[in-house]
Amino acid sequence: MIATRTAIRGSTASARATAHFLKCNGTHIGLRPTFVIAQHVQTPASQRPFTSSNSPRIKEFFEKKETEKVRKTPAAWAHPLYTEEQMNAVTVAHREAQTMSDKVALIAVKFMRWGLDVATGYRHERAIDLNEKDPEAARKKFAMTEEKYMIRNVFLESIAGVPGMVAGMLRHLHSMRRMKRDNGWIESLLEESYNERMHLLVFLKMQQPGLFMRFMVLAAQGVWCNALFFAYLVSPRTVHRLVGYLEEEAVITYTRQIKDLDEGRLPKWQNLQAPDIAVDYWKMPEGHRTMRDLLLYIRADESKHREVNHTFGNLDQKEDPNPFVSEYKDPEKPHPSKDLAFPKPTGWERHEII
């Protein structure tokens with residue numbers, strides 16, 4: 001856990017002068033201080049792995065508060081266990097757009113990917129082309145550093161938890177209006193949103209966003225949440241396909257980070273250990289708690305979201321049960337599950353499971 005301390009503006013001398021003034025004058029004219037100046041020792045910027053904030057703006061995110069009786073608040077959803085072989089087997093995959101709604105979803109994702117790449121300076125394809133001609137120029141112009149990747153990850157995960165929450169809320173209301181069961185969809189959607197938020201909390205222990213980043217997150221969430229709300233009312237299938245394509249891009253992003261780490265382009269991550277919150281959530285075993293292991297877990301999660309949403313996009317949105325929480329008549333036969341036992345990167349077709 002990376003602890004941060006609150007810093008105040010102004011010099012120590014000015015703080016002492018203010019205190020002296022209050023002390024000297026309060027005795028004679030009854031003056032009482034209306035504020036208290038707190039002076040804390042500031043953690044040097046060099047001791048924090050990554051930060052996009054100036055030192056005075058750093059503060060602890062989701063700081064744990066001690067209470068008299070409560071010891072700990074466990075995760076709402078226990079994370080399924082992944083084996084190392086399963087995580088290493090995750091691959092980049094793409095589902096071809098077959099219908100008009102699929103094409104609309106794919107175009108929307110490509111546009112969003114382009115916008116995010118421009119905003120974060122991520123030019124992977126151009127970097128590859130330039131690297132063939134001038135490797136040194138490609139490294140200087142397009143190389144992604146640990147800081148750049150962290151900023152990108154924080155922004156991505158801050159909006160990645162929106163679709164599941166919006167879809168789960170709308171399905172919850174829809175179920176009550178129809179006075180019918182939802183057949184398990186709400187559970188998986190909310191769990192997906194929760195999982196994405198955990199990714200964000202982990203990265204926030206390693207990267208403190210600045211004011212500009214927080215403003216961008218606020219604006220993106222406002223637009224993204226409202227857009228998804230109305231889109232899901234019109235066509236839930238299209239939204240699930242869109243999220244499936246988004247998760248394809250997420251798998252690509254984390255795969256590239258792992259590759260850059262393996263090839264020595266991210267030296268600050270070589271010996272970096274995963275935060276305690278990550279160890280607790282994924283139940284990371286001893287000896288497998290490095291930054292690389294963390295990226296493997298997160299990539300595996302994104303691959304599962306890719307599979308879930310592509311599968312949801314293939315189902316009857318009103319009547320079909322959620323195949324990822326269902327019990328099957330023949331459990332020995334490959335079927336959708338919460339873990340990575342039977343991976344299906346581009347989603348399960350309806351005839352395979354219903």
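Annotations
- Within the range 84-106, residues that are of a type in the set (Ser, Thr, Tyr) sit with their Cβ atoms under 7 Å from residues that are surrounded by 12 or more Cβ atoms within 10 Å (Cβ to Cβ) and in a helix (DSSP H, G or I), at 6+ positions apart or across chains, in these pairs: Ser101/Arg237; Ser101/Thr238; Ser101/Arg241.
To keep it simple, each residue is scored yes or no on (1) of a type in the set (Asp, Glu); (2) under 28 Å from Val92 (Cα atoms).
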site: Gly168; (1), (2): no, yes
site: His174; (1), (2): no, no
site: Arg181; (1), (2): no, no
site: Arg214; (1), (2): no, no
site: Val223; (1), (2): no, no
site: Arg237; (1), (2): no, yes
site: Tyr245; (1), (2): no, yes
site: Glu248; (1), (2): yes, yes
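- Residue among Thr346, Thr290, Thr311 that is under 23 Å from Ala167 (Cβ atoms), surrounded by fewer than 20 Cβ atoms within 10 Å (Cβ to Cβ) and among the hydroxyl-bearing types (Ser, Thr, Tyr): Thr346
- Filtering the range 129-176 to residues that are in a helix (DSSP H, G or I), of a type in the set (A, V, I, L, M), farther than 17 Å from Val243 by Cα and at pLDDT 70 or above leaves Met150, Ile151, Val154, Leu173, Met176.
- Criterion (buried (at least 17 other Cβ atoms within 10 Å of the Cβ), over 12 Å from the mean Cα position of the chain (by Cα), of a type outside the set (Lys, Arg) and more than 29 Å from Met291 (Cβ to Cβ)) met by exactly one of Pro236, Pro209: Pro236
- Filtered residues of the range 252-271 (kept if in contact with a helix residue (DSSP H, G or I) (Cβ under 9 Å, 6 or more places away or on another chain) and farther than 19 Å from Leu156 by Cβ): Asp262, Arg265, Pro267, Lys268, Gln270, Asn271
- Failed item in (1) assigned to a helix (DSSP H, G or I); (2) more than 21 Å from Arg181 (Cα to Cα); (3) more than 19 Å from the chain's Cα centre (by Cα), with Thr311 passing the rest: (2)
The values are calculated or read from the model by the stated rules, or taken from the named source; none is laboratory data. Remember, predicted model here, so these are calculated numbers, not experimental data. Counting neighbours? That spans all protein chains shown, and the Cβs are built from the backbone with ideal geometry, glycine included.
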